[in-house]
1. Search the stretch A:132-154 for residues that are within 16 Å of A:Leu237 (Cβ to Cβ) and pair each with any residue that is in a loop (DSSP other than H, G, I, E, B) when their beta-carbon atoms are under 6 Å apart and the residues are at least 6 apart or on different chains.
2. Within 28 Å of A:Glu189 (Cα to Cα), among the basic types (Lys, Arg) and within 14 Å of chain B (Cβ to nearest Cβ): is that true of A:Arg142 in this structure?
3. State yes or no: is B:Ala222 in a helix (DSSP H, G or I) and under 29 Å from B:Gln42 (Cβ atoms)?
4. Can you tell me which residue within the stretch A:203-215, out of those that are modelled with pLDDT of 85 or more and outside any strand (DSSP E or B), is farthest from A:Gly156 (Cα to Cα)?
5. List the residue pairs whose Cβ atoms are under 7 Å apart, where the first residue sits in the stretch B:17-36 and is surrounded by fewer than 16 Cβ atoms within 10 Å (Cβ to Cβ), the second is among the hydroxyl-bearing types (Ser, Thr, Tyr) and at pLDDT 80 or above, and the two are 6 or more positions apart or on different chains.
6. Could you grab the pairs with beta carbons closer than 6 Å, sequence gap of 6+ or different chains, first residue in the stretch B:1-12 and within 12 Å of B:Glu278 (Cβ to Cβ), second one crowded, with 18+ Cβ neighbours inside 10 Å and polar (S, T, N, Q)?
7. What single numbered condition from (1) buried (at least 18 other Cβ atoms within 10 Å of the Cβ); (2) under 23 Å from B:Leu271 (Cβ atoms) fails to hold for B:Gly173?
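The values are calculated or read from the model by the stated rules, or taken from the named source; none is laboratory data. Given the structure is predicted, the values throughout are model-derived calculations rather than measurements. Cβ placement follows ideal geometry from the backbone for every residue including glycine, while neighbour counts extend to all protein chains displayed.
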Amino acid sequence: MSTTLTCPNGHSSTESDYCSVCGTLMAVPAPAPPSPVPVPGDDDGPTFIPRPKPPVEECPNCSSELDPTSKFCEVCGYDPTTGSLPKPPVVSPAASDVAPDDDAAPDAPVTGTWVVVVAADRAYYDRNQVAEVQFPLGVPPRVIELPVAGDPVAIGRRSASRGTNPAIDLAGPPEDAAVSHTHASLLREGDGWSLVDHGSTNGTYVNETTDPVPANTPMPLKAGDRIYLGAWTKLTLELHPDQPN
Amino acid sequence: MSEFSLEVFQNEFLADGATTMDAIVTVTASGGAGGAAAAAGQAAEVLIVDTSGSMSAPSTRIRAARTAAAAAIDGIRDGVQFAVVAGGEVATTFFPPWGTNLAVADNVTRGQAKDAVSHLAAGGGTAMSTWLLQAADLFASSTATIRHAILLTDGENREDPARLDDAIRSCVGQFQADCRGVGTDWIVSELRKIASALMGTVDIIPSPEEMEAEFQRLMESAMNRGVAAATLRVWCPQGARVNFVRQVAPDVEDLTGRAVPINPLTSDFPLGAWGDEERDYHVSVTVPANAVGVEMLAARVSLLAGPDVVGQALVRAVWTDDEAASARINPEVAHYTGQAELAANIQEGLEALKSGDERTATVKLGRATQLAVASGNDGTVKLLRKVVDVEDPATGTVRIRKDIDKADEMALDTRSTRTVRVGSGAKASQ
């Protein structure tokens, strides 16, 4: 039997309890008197009583149908009453100290030396509240030059017994013990770099995001992007243009 | 045929704006008949015995390995296809003698195999990649669907680690492997890597005399698995995301990285073969925020035996402005979050100890002691006490012992992932 059911948000659902697309409860009794009176007596039919559909409104952000009972767009999280997308990042380091925020890199061929600056970020550390790891004081940022091509650049903590010896090593001193031994890698992709988290214990965050990047999914980076990991580690990807001389 | 039942433990209430939903899903199987699978030729078993030079020093080791292998062979049920691999610099199929196929267990073949393993001799190096690949070749020659190996070693892998990694990768999904290390010259992380990828367990056999009993036990549990391939299927609604899926009992194993996408909303997590047993899973998802009063499904968790859905559990989310309801942490979720933290602290503490960072080791093992005591994980407390002197379990104040036995340290490491169920603690749920 392949009865197609429709959920309150208008998705066609293969499940009768909760919508198989958006998870909304299917068997809600209609709050308002249903205009087309459902034929009673047919108890074996789907338990869902179609809700009278108000004029369909589209989400101005992603054009999905909006559920009039919901505060937000079910698909992209857009809030029609305030006109805003889901909560802006909390992570924004009060340290807009390093953020060269112009991604307006034109189409000019990107040449230069890619480096990663390893630094201890106080604002990020304070948010994390990892009691077991102390914030390292008085540690100058380290600059690690990335190779022109070749194997992924590993980010993690070196460990003889686990056989890890990452190029970007947070085993210190000072050690950031909240970084996984095999935490993430930078992958050379075309002219630029991508970040991939290897399912690290504490996750990896890019710029002002509150959610960690999904594991095992390369995420393209651009010059100036900040990568946050562990208890206090901030990695800034920088492109130092070639000096003609 | 096994009967599966699933049960969910969660606090379904979320505060306004909250989006993370955690649940423990308990999967129980009963009525599975491993014997039927054996009789039907559905089960295959490969014993891999380290025969590198170190196994002859002390010579009790290779002798114990012969006895243990014989005990394991005795435990193989009639109809199960089996082989014995001798592992050195290269792997050789020691039994059956014709080398490329598995033998079918009966009184005659078991006798021949036991006679063969009584001649196992030690000598040469250790290249575990060849052992695994040999086992994979043997399994490939068989139509059995329940494929299990026992790997016994006493030493460190002596080859390019990349070769072992490659071999593990090509064996994933081909068979399951329980790994055992005898003595203290093997590397826990190495065997854990193999066991974890091949959905098996790892443990230390401190002295050769204990090998026989352990092999009997392993074989018995392998022979009792009647379901070849169970799978946990997790569906999340559009806009939601799986944070992690973790087995939390009987031991902690993160399954997140094993996800096989089925469609944009659904992923499968292979669980391997099942017997009559109970396992618990922690599923954590982030769902889109909803208005207070809205109820939605945060995850539909199904269990598949082969291709068939045999059980299902619903993880719900209900937004509420009743802070007392949303602030409550479900006791099962809290307990298993603690058990996972316990395992991580032990492993990190021992790692720190090895690298000479006693300060970090003290903090981590102290926290581990605190968690183990509070959750009633007595087995782990006992193991911890062999590595640290506990001054105050409530605050996790410990001192690293000066006289740590290497075997105790390794036992703590291998068993760090063992968990106990909720309510095991004397003080739990007050």
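1. Close Cβ pairs (under 6 Å, with a partner that is in a loop (DSSP other than H, G, I, E, B)) amount to A:Val153/A:Leu146; A:Val153/A:Ala167; A:Ala154/A:Pro166; A:Ala154/A:Ala167.
2. no
3. Taking the combined requirement at face value, the residue satisfies it.
4. If we take residues in the stretch A:203-215 being modelled with pLDDT of 85 or more and outside any strand (DSSP E or B), then A:Asn207 is farthest from A:Gly156 (Cα to Cα).
5. B:Thr20/B:Ser284; B:Thr20/B:Thr286
6. If the second residue must be crowded, with 18+ Cβ neighbours inside 10 Å and polar (S, T, N, Q), the pairs left are B:Glu7/B:Thr26.
7. (1)
For every residue, the table says whether it meets (1) within 9 Å of another protein chain (Cβ to nearest Cβ); (2) under 24 Å from B:Thr19 (Cα atoms); (3) among the hydrophobic types (A, V, I, L, M, F, W, C).
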site: B:Gln238; (1), (2), (3): yes, yes, no
site: B:Arg246; (1), (2), (3): no, yes, no
site: B:Pro261; (1), (2), (3): no, yes, no
site: B:Asp268; (1), (2), (3): no, yes, no
site: B:Asp276; (1), (2), (3): no, no, no
site: B:Ala289; (1), (2), (3): yes, yes, yes
site: B:Ala313; (1), (2), (3): no, yes, yes
site: B:Asp321; (1), (2), (3): no, yes, no
site: B:Ile329; (1), (2), (3): no, yes, yes
